[in-house]
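Chemist: Below is the structure I would like to discuss, written out as structure tokens.
The values are calculated or read from the model by the stated rules, or taken from the named source; none is laboratory data. These numbers come from a predicted model, not from an experiment. Note: areas computed on protein heavy atoms with side chains; ligands, DNA, RNA excluded. Shrake-Rupley method; radii C 1.70, N 1.55, O 1.52, S 1.80 Å.
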Amino acid sequence: MKTEVTVDGDVDLHELYRVAAARLTAQLFGVTGDYAEAQDAVHEAFARVLARPGRLRGVDNPEAWLRTVALNVARSRHRRRVLFERLARTGRLRRDDVVAPLSPDHVALVAALQTLPRPIREAVVLHYIADQPVAEVAGTLGCSVEAVKTRLSRGRRALAAAITDQEATRA
């Protein structure tokens, strides 16, 4: 695939994504056997380019470079998964110790959290789920204690409305 190169030698990433992402995902799906894993690996490859766009400067075939990165990402994840499975089989690590089962309430809460704007969601999760004090949440998010309190208040209000709407829909 020949990708357009801009005047300053950079690759047009929008165009590259448009023409190559689906093809790369299909290729990685063949390798991983898991469509979501394939998508994640391809998206990670593009994220690495977006973080440092100069990486593609001078690369003859950007799609081949992305394929290599995506394959490496998939391989690394596979190795970690195999290691985890091995630890679980030996009894040194039990799956149920690591991954708690998801209750319907947990799934509903996560769905409601996804409706919140990111800054509010982060504050709510850090304070109520990670059990961090307000001052620690402020430090983690790089904002004032007052801003965290405002986000928590807005988050509680929005979650109450979202959960009420979900319950009304179920009834």
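Chemist: Pulled fully out, how much extra length does the chain show between residue 80 and residue 13, if you take 0.36 nm times their separation in residues and subtract their Cα-Cα distance?
Modeler: Fully extending the segment from residue 80 to residue 13 adds 21.1 nm.
Chemist: Rounded to the nearest percent, how much of the accessible area of the chain (1.4 Å probe, protein heavy atoms only) is carbon and sulfur?
Modeler: Summing carbon and sulfur atoms, their accessible area is 55 percent of the total for the chain.
Chemist: A further question follows. Does the stretch 36-160 come out rounded, prolate or oblate, given a ≥ b ≥ c as the square roots of the eigenvalues of its C-alpha gyration tensor, rounded meaning a/c under 1.5 and, failing that, prolate meaning a/b above b/c?
Modeler: Oblate.
Chemist: Expected output is a single nm value to one decimal: the length gained when fully extending between residue 156 and residue 44, i.e. 0.36 nm times separation in residues minus the C-alpha distance. What is it?
Modeler: 37.0 nm
Chemist: Same structure, new question: Given an 8 Å cut-off on Cα distances and at least 6 residues of separation, report the relative contact order of the chain as a percent.
Modeler: The value is 15 percent.
Chemist: Do you know the relative contact order of the stretch 45-141, to the nearest whole percent, from alpha carbon pairs under 8 angstrom that are 6+ apart?
Modeler: 12 percent
Chemist: Report, largest value first, the span of the C-alpha coordinates of the stretch 100-146 along each principal axis, in whole Å.
Modeler: 34, 22, 12
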